[in-house]
Each structure stands twice: as structure tokens, then as C-alpha cells.
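Read the figures in this text as sums done on the coordinates, not as results from a lab. Predicted model only: the values in this text are computed from it and were never measured. Ideal geometry is used to build each Cβ from the backbone, glycine not excepted, and the neighbour counts take in all protein chains shown.
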């Protein structure tokens, strides 16, 4: 499987992961900063959360790793949380802003 197809499959899987307090996927919220597909199909994901005090700070990265690891062809998945740059509403897609009444 080529890297672009695998990355598309990962993005599609992340569309199904939601912050339990916000009815929009973490991908649409702009919480995923980078998806790196390595040569051996190990996956490194850099993401953030809406706030450092997020009550789901442990479970959301675990959900991300779980859904990505279920994709055919994926080997090891590593999810790293970063606070730099901090998340803002500007990270959200237009669809997410519409869903949340911000547009």
C-alpha cells in the first residue's frame, strides 16, 4: 500500500474520533497537526487537545492510536501530544465551525 493511500485511510479513520464534549471529529477540529507514514508503515501522529485541562487528555490519544492501528497495513502507531503551537479555533475546518455555529 502506498503512503498517500495509507495517509488517506488514517484521515478517514480519524474522522470517527470525537472529543466527547464537542460534536465534531478531532480531525475537523484541527487537533491533528501531523501524520507521518514511515517506510515500514509505522505511523507517528502529532496532535494537540483543545485545552491542557481536557478531561479526556488520556483517552483521546488512546482512541487515535486504537483506530489507526486497526487499518490494514499499519504497523506500530505512536501518538504524541504537543502544546506548541497552542490550539485555537482557527485550526478548525469550515465544516466544524458551521457545525458549532461559529460561522
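Values as computed for the structure displayed
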item	result
Rounded to 5, the percent of DSSP beta bridges in the chain classed as antiparallel	55
Least to most buried among 47, 103 (fewest other Cβ within 10 Å first)	103, 47
Length-normalised contact order of the stretch 3-87 in % [C-alpha pairs under 8 Å, at least 6 apart]	31
Residue exposure sequence - 50, 59 - by fewest surrounding Cβ within 10 Å	59, 50
Highest-fluctuation residue, 49, 29, 70 considered, GNM on the chain with Cα pairs under 10 Å	70
Contour minus Cα-Cα distance for residue 78 and residue 36 (0.36 nm per residue)	14.1 nm
Hydrodynamic radius (Kirkwood) for the stretch 9-51, which is based on Cα pairs only, to one decimal in Å	11.1
Convex hull volume per residue in cubic angstrom - Cα atoms of the chain	93
Acute angle (nearest 10 degrees) that the helix 3-14 long axis makes with the longest principal axis of the chain, alpha-carbon atoms	40
